[in-house]
Amino acid sequence: MPILNGSAYYISKEIGKAIGDYGLISDGDKIAVAVSGGKDSITLLNLLNERRKFAPVNYEIMAIHVDLGYPRSVSNKLKKYFNKIGVNYHIEKNDVLKKTGRSDISCFWCSWNRRKSLFESAARLGFSKVALGHHMDDIIETILMNMFFQGEISAMLPKQELFGGKITLIRPLAYVQECMIKKYTKEFSVEYDKCICPNSAISNRRRMRRIISQLKKACPDIKKNIFRSVRRVKADYLL
């Protein structure tokens, strides 16, 4: 696959900016890249892997996929892809789904269990950093969700230390809008799996996405404005 052309160049450049601004990657880092099989995590894995060829620091990556036992598992498909691009990988199998009733499964439940398995496997395999494929759209949707449903002002951090510094969470796609990831997957014919969760269409995140889409008609820069807002807090005007 050609690298650093078109959308690949743009996304790689934005990843580089985020790495520089937040100190996401240092020389000698061992990074576990969480790969669900969706477009965001596949894009992150591809470009972090390609950037190793010219980045000013040396770092190691391993793809980790958490298989919760859903009927349409993508584990075998991902194994073939990881081998194709020459990336070390680990498939973490978790049978928690067998112990859970259908009515108890939600976006929060799925996310919490995947994250728990991801952190445990990364630590066990000796990886101190975990990279997630959250992009700018995810971050601004989270800002609004926290305001609307939690009554607080908070966001996803590009870099966050967890468990007393044992694990550092990084989001190298923090400056990348989702439309560029879609363009990249189309431009380079990147195969990925779409979310088949029956609750995804009625999730709060999807609601925020629709609100932002409507407001964008009146304010084309709304995404960047929301993103910037949490870095331009005017303390004198807070209650």
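As a summary of the residue check, Y59 satisfies the conditions (1) under 30 Å from N5 (Cα atoms); (2) in contact (Cβ under 8 Å) with a residue 40 or more places away in the chain; (3) among the hydroxyl-bearing types (S, T, Y) except for the one numbered (2). For G23, indicate whether it is surrounded by fewer than 21 Cβ atoms within 10 Å (Cβ to Cβ), on the phi > 0 side of the Ramachandran plot, modelled with pLDDT of 95 or more and not acidic (D, E). Criteria met by G23.
For the range 106-154, a residue qualifies if it is open to solvent by 40 Å² or more (accessible area, probe 1.4 Å), farther than 26 Å from D27 by Cα and part of a loop (DSSP other than H, G, I, E, B), and the qualifying residues are S106, G151, E152, I153.
Okay, residues lined up against (1) closer than 28 Å to I211 by Cα; (2) within 15 Å of the chain's Cα centre (by Cα); (3) free of Cβ contacts under 8 Å to residues at least 40 places away in the same chain:
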site: W112; (1), (2), (3): yes, yes, yes
site: R115; (1), (2), (3): yes, yes, yes
site: L118; (1), (2), (3): no, yes, no
site: A123; (1), (2), (3): no, no, no
site: K129; (1), (2), (3): no, yes, no
site: H134; (1), (2), (3): yes, yes, no
site: L144; (1), (2), (3): yes, no, no
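Does Y81 fit the bill of being farther than 18 Å from K129 by Cα, of a type outside the set (K, R) and without any contact (Cβ under 8 Å) to a residue 40 or more places away in the chain? Considered against the rule, which asks whether it is farther than 18 Å from K129 by Cα, of a type outside the set (K, R) and without any contact (Cβ under 8 Å) to a residue 40 or more places away in the chain, Y81 comes out as no. Checked against the criteria, K53 does not count as more than 28 Å from W109 (Cα to Cα), modelled with pLDDT of 95 or more and exposed (fewer than 15 other Cβ atoms within 10 Å of the Cβ). Taking (1) within 15 Å of the chain's Cα centre (by Cα); (2) at pLDDT 95 or above in turn, A155 satisfies each apart from (2). Applying the condition of being surrounded by 17 or more Cβ atoms within 10 Å (Cβ to Cβ) and in a loop (DSSP other than H, G, I, E, B) to the range 62-93 and asking which residue is modelled with the lowest pLDDT yields L68.
Among the residues of this structure, E191 counts as one that is in contact (Cβ under 8 Å) with a residue 24 or more places away in the chain, loosely packed, with under 14 Cβ neighbours inside 10 Å and not in a helix (DSSP H, G or I).
The values are calculated or read from the model by the stated rules, or taken from the named source; none is laboratory data. What you are looking at is a predicted structure, and each value in this text was computed from that prediction instead of being measured. Glycine also receives a Cβ, built like all others from the backbone with ideal geometry; neighbour counts cover every protein chain displayed. Areas reflect the complete protein model, heavy atoms only, side chains present, ligands, DNA and RNA absent. Shrake-Rupley method; radii C 1.70, N 1.55, O 1.52, S 1.80 Å.
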